[in-house]
Amino acid sequence: MSRTARPRLAVWKFASCDGCQLTILDLEDELLTLAGAVEIAVFHEASSDVGEGPFDVSLVEGSITTAKDAERIRAIRAQSATLITIGACATAGGIQALRNFAHLADFQAAVYASPAHIDSLATSTPIAEHVRVDLELQGCPIDKNQLREVLSALLIGRKPVVPGHSVCVECKRRGTACVMVAHGTPCLGPVTHAGCGAICPAYGRGCYGCFGPMESPNTAALSAQLAHLGESPDAIRRVYRTFNANAPAFRAESRKHGD
């Protein structure tokens, strides 16, 4: 980033629910400090003012679902020194990537009265399948503390520290008993990236995999345990096909259990 002027930040939206952009706004008082340290050139969720590039940092939410999206993300990449994808849609294709496992025409016919008017790609894909990405922040939505760490690190010129361990580590840190061991509750915690603080297990529910695969997830071992708990192949396939269904590790494991 430039040391002679405030770094220029842009926030972009593609196919998504806006939840990760709202997480930026959820920084509240810290957002005021951030606004004083950077020039927020583009952030449609917060302001109608739109600046022109180039940008020091671009935060990108959402997946690529149309040809126009693919063209626009290439233009954004060309104007951005650093491009960071935020959230499950941008890093894995999002919940809308469930269409990647079926035929788009079937979904269009079931949902829209005039499917011919819908201009969409057959798949929903993450930003990294279209342009170079410098850093990914996983989550549905992202964790504001991880976002704060990344932005703070970039402002002072150091490498961000974003843990790659699983939700199980977070359960241990907060003293939460393993829901699979204690209650036989199916849980994706052993293969899911940390970041949520293990909220669901803390309330006796299994992890839904909101933060996508951890580093080197042993999905085969988890699936074997789920089968041991009595889960059917269909149920096992479905647990991997939620917010991060198109993440390579979850996609590959789900396909081992039928389609």
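The values are calculated or read from the model by the stated rules, or taken from the named source; none is laboratory data. Quick caveat: nothing in here was measured; it's all calculated off a predicted structure. Glycine also receives a Cβ, built like all others from the backbone with ideal geometry; neighbour counts cover every protein chain displayed.
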Wholly within the range 30-97, strands (runs of 3 or more DSSP E) carrying at least 3 residues that are in the same structural domain as Val111 (by TED's automatic domain parsing) and of a type in the set (S, T, N, Q): 80-86
- request: Could you list all residues from the range 140-166 that are in a loop (DSSP other than H, G, I, E, B), crowded, with 16+ Cβ neighbours inside 10 Å and among the β-branched types (Val, Ile, Thr)?
  value: Ile142, Val162
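Report whether or not Val133 is of a type in the set (A, V, I, L, M, F, W, C), free of Cβ contacts under 8 Å to residues at least 40 places away in the same chain, within 25 Å of Ile24 (Cβ to Cβ) and part of a loop (DSSP other than H, G, I, E, B). First the steps, then the outcome.
Values: of a type in the set (A, V, I, L, M, F, W, C): yes; free of Cβ contacts under 8 Å to residues at least 40 places away in the same chain: no; within 25 Å of Ile24 (Cβ to Cβ): yes; part of a loop (DSSP other than H, G, I, E, B): yes.
No; evaluated as a whole, the condition is false for this residue.
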- request: Report, by residue number, each residue of the range 18-56 that is buried (at least 18 other Cβ atoms within 10 Å of the Cβ) and not aliphatic (A, V, I, L, M).
  value: Cys20, Gln21, Thr23, Phe43, Phe55, Asp56
message: Here's a check for you: in the range 221-255, which residue that is within 28 Å of Glu129 (Cβ to Cβ) and polar (S, T, N, Q) is surrounded by the most Cβ atoms within 10 Å (Cβ to Cβ)?
response: Asn244
statement: Of Asp119, Asp69, the only residue that is more than 22 Å from Phe250 (Cα to Cα) and at pLDDT below 95 is Asp119
task: Determine which single condition Ala70 fails, assuming it passes every other condition in (1) of a type in the set (A, V, I, L, M, F, W, C); (2) under 24 Å from Lys144 (Cα atoms); (3) within 24 Å of the chain's Cα centre (by Cα).
output: (2)
- line: Scanning the range 190-220 for residues that are surrounded by fewer than 18 Cβ atoms within 10 Å (Cβ to Cβ), under 20 Å from Asn246 (Cα atoms) and of a type outside the set (Ser, Thr, Tyr) gives Glu215, Asn218, Ala220
